[in-house]
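Presented below is the structure to which this report refers.
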Amino acid sequence: MEQSGGIAANITAGLAGRYASALFDLARDAGSIAAVESSLAALTAALAESTDLAALVTSPLISRTDAAKGVAAVAAALGIDALTTRFLGVLADNRRLADLPAMIRAFGLLTAAHRGEVSAEVTTAHPLDADQLAALKQQLKGRVGRDVAVHTKVDPAILGGLVVKLGSQLIDASIRTRLNTLAQAMKG
């Protein structure tokens, strides 16, 4: 991998990181990083939209066999590539589907590091449109001097603004934090 040992160690720490690292290595060797990335993005969207899929992934009551059949059907319906489909089958067999979101995040960090990008996790109160996302990427690129892979998530609890995790830095420009700071200042 074209990354420093420290970055790789941080990303691959823990169970989700080890599974993501194994998937990344297989995808790199097969020349299918982009296909796996696309498949994982489709899975992330499906997990966010479907309570049934989320239940399939997280329920300990579903047997390994039924979980494997379920993820195979989902993979076929979403047009997931063969490597990712096999990976999902392994997760079902090992009862690790509940860790899938963390594995997807770790895979994203590995691919960003592989491309020489810095990865940023951005939390907003409302989804960003394409122009806002492009402007944010430019701002972050100017700050770090390299391309930035931005992974977004929505959390209405921050009320407005955004929170950016960029490596070890945390930039909290959320309205919730500003209101909390103001409340503390008023208490004296």
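The values are calculated or read from the model by the stated rules, or taken from the named source; none is laboratory data. Nothing here was measured: the structure is a model prediction, and the numbers come from that model. Every residue, glycine as well, gets a Cβ built from its backbone with ideal geometry; the counts of neighbours run over all protein chains shown. Ligands, DNA and RNA are excluded from the accessible area calculation, which covers all protein heavy atoms including side chains. Shrake-Rupley method; radii C 1.70, N 1.55, O 1.52, S 1.80 Å.
Protein heavy-atom surface of the chain, 1.4 angstrom probe: 56% of the accessible area is carbon and sulfur, with nucleic acids and ligands not counted.
Relative to the longest principal axis of the chain, what angle (0 to 90°, nearest 10) does the C-alpha long axis of helix 14-30 take? Computed tilt is about 70 degrees. Electrostatic bookkeeping for A92 treats Lys and Arg as +1 and Asp and Glu as -1; over the other residues with beta carbon under 14 Å from its beta carbon, the sum is +2.
Return a whole-number percent for the relative contact order of the range 69-152, with Cα pairs under 8 Å and 6 or more residues apart as the contact set.
Numbers: 49 pairs, mean separation 21.5, N = 84.
Answer for the range 69-152 is 26 percent.
In square angstrom, what is the accessible area per residue of the chain with a 1.4 angstrom probe?
Numbers: 10610 Å² over 188 residues.
For the chain, the per-residue accessible area is 56 Å².
In the set (i) 18.4, 60; (ii) 15.4, 45; (iii) 19.5, 64, the label that goes with Rg and Dmax of the Cα atoms in Å computed for this structure is (i).
Across A55, A130, A113, mean-square fluctuation computed from a Gaussian network of the chain (C-alpha pairs under 10 Å connected) peaks at A130.
Amide H contacts for G161 (H built 1.01 Å from N in the peptide plane; partners 5 or more residues away or on another chain; cut-off under 5 Å): A125, I175. When the Gaussian network model of the chain links Cα atoms closer than 10 Å, the mean-square fluctuations of V150, V118, V90 top out at V90. Rounded to the nearest 20, the size of the Cβ-charge dipole of the range 38-128 about its Cα centre is 220 debye, with Lys and Arg at +1 and Asp and Glu at -1. Here the 3J(HN,Hα) profile of the range 117-129, calculated from phi with Karplus coefficients 6.51, -1.76 and 1.60 at θ = phi - 60°, is 9, 8, 9, 10, 9, 10, 10, 10, 6, 9, x, 7, 7 Hz, Gly and Pro shown as x.
For R115, no residue whose modelled amide H falls within less than 5 Å of its own remains once neighbours fewer than 5 places apart on the same chain are excluded.
Under a 5 Å amide H cut-off, with hydrogens placed 1.01 Å from N, A120 pairs with A149, V150, H151 among residues at least 5 apart or on other chains.
Full extension of the chain between D66 and L179 yields a length gain of 35.9 nm, computed as 0.36 nm times the residue separation minus the alpha carbon distance.
In percent, rounded to a whole number, the relative contact order of the range 144-188 is 28, using alpha-carbon pairs under 8 Å and six or more apart.
Eight or more residues apart or on different chains, and alpha-carbon atoms under 30 Å: count the Lys pairs in the chain matching that.
Numbers: K69/K153; K137/K153; K137/K165; K141/K153; K141/K165; K153/K165; K165/K187.
The number of close lysine pairs in the chain is 7.
This model, with +1 at the C-beta of Lys and Arg and -1 at the C-beta of Asp and Glu, gives the range 68-188 a dipole about its Cα centre of some 260 debye. DSSP finds beta bridges in the range 35-188, and of those with both partners inside it, around 60 percent are antiparallel.
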